[in-house]
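Reading through the structure tokens given below for one structure.
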Amino acid sequence: MTPLQAGSFLLRPFIAADAPAFAAGVRESMDSVGMWMTWAHAEYSDEQALSWFEWCDASRADGSAHEFGIFLADGVTLVGGGGLNQLNAVNGFCNLGYWVRASAQRQGAAAAAVGALSRYAFEQLNQSRVEIVIAAGNEPSAAVARKAGATHECLARNRLKLRGLCVDAHVFSMIPA
């Protein structure tokens, strides 16, 4: 698959060689990413990253999700991950998610990834709507959605589950221009 250009960043499918950087990125980001991404934990391993990459490949193959690593322009230095999932074929919309490792936050990677992923959703996957659902209190992620041009639609009650508890979440959307 052709990588996606995202400003000074590049999005591409994960490969096995990315596993150590992915796992290290998760572990270094527990204070920011860990509280919002239930899969993230302080002992996240290379093996867990490889298992995730296998899921990503299988999901891309069956069309149920399109997950990417977010890299510097060199395509080697991993700064995070993002993707499109929960594709609704009947109504033509999907969910967009992202995370950026602590050492690369506040450098524009997430907003650039949102732009590239939404274009991919509209142009390659023929989606008519992209949703970004963000747990209430996750202000950095909400700021990314706004910066990327997403429209805040509502605060939906009990929209997400974090560690088994229902939490309210902001629903942002993007539609083709």
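The values are calculated or read from the model by the stated rules, or taken from the named source; none is laboratory data. Model, not experiment: these values are computed from the prediction. In this analysis, Cβ positions are derived from the backbone assuming ideal geometry, glycine residues included, and neighbour counts consider all displayed protein chains.
Numerical summary
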| item | result |
| --- | --- |
| Hits in region 62-102 - residues which are closer than 15 Å to residue 22 by Cα and either at pLDDT below 95 or assigned to a loop (DSSP other than H, G, I, E, B) (or both) | 75, 76, 77, 101, 102 |
| Criterion: in contact with a Lys or Arg (Cβ under 7 Å, 6 or more places away or on another chain), closer than 27 Å to residue 160 by Cβ and touching a residue at least 24 places away in the same chain (Cβ under 8 Å) - qualifying residue of 33, 79, 26 | 79 |
| Qualifying residues in region 38-58 (those that are crowded, with 19+ Cβ neighbours inside 10 Å and not aromatic (Phe, Trp, Tyr)) - the one farthest from residue 85 (Cα to Cα) | 49 |
| Some residue of region 39-47 being in contact with a Pro (Cβ under 7 Å, 6 or more places away or on another chain), assigned to a helix (DSSP H, G or I) and under 24 Å from residue 174 (Cα atoms) | no |
| Every pair of residues 6+ apart whose Cβ atoms lie under 9 Å, when the first sits in region 119-131 and is within 7 Å of residue 93 (Cα to Cα) and touching a residue at least 24 places away in the same chain (Cβ under 8 Å) while the second is of a type in the set (Val, Ile, Thr) and surrounded by fewer than 20 Cβ atoms within 10 Å (Cβ to Cβ) | 128/175; 129/175; 130/175 |
| Positions within region 134-161 being under 19 Å from residue 99 (Cα atoms) and touching a Ser or Thr at 6+ places or on another chain (Cβ under 6 Å), in sequence order | 134 |
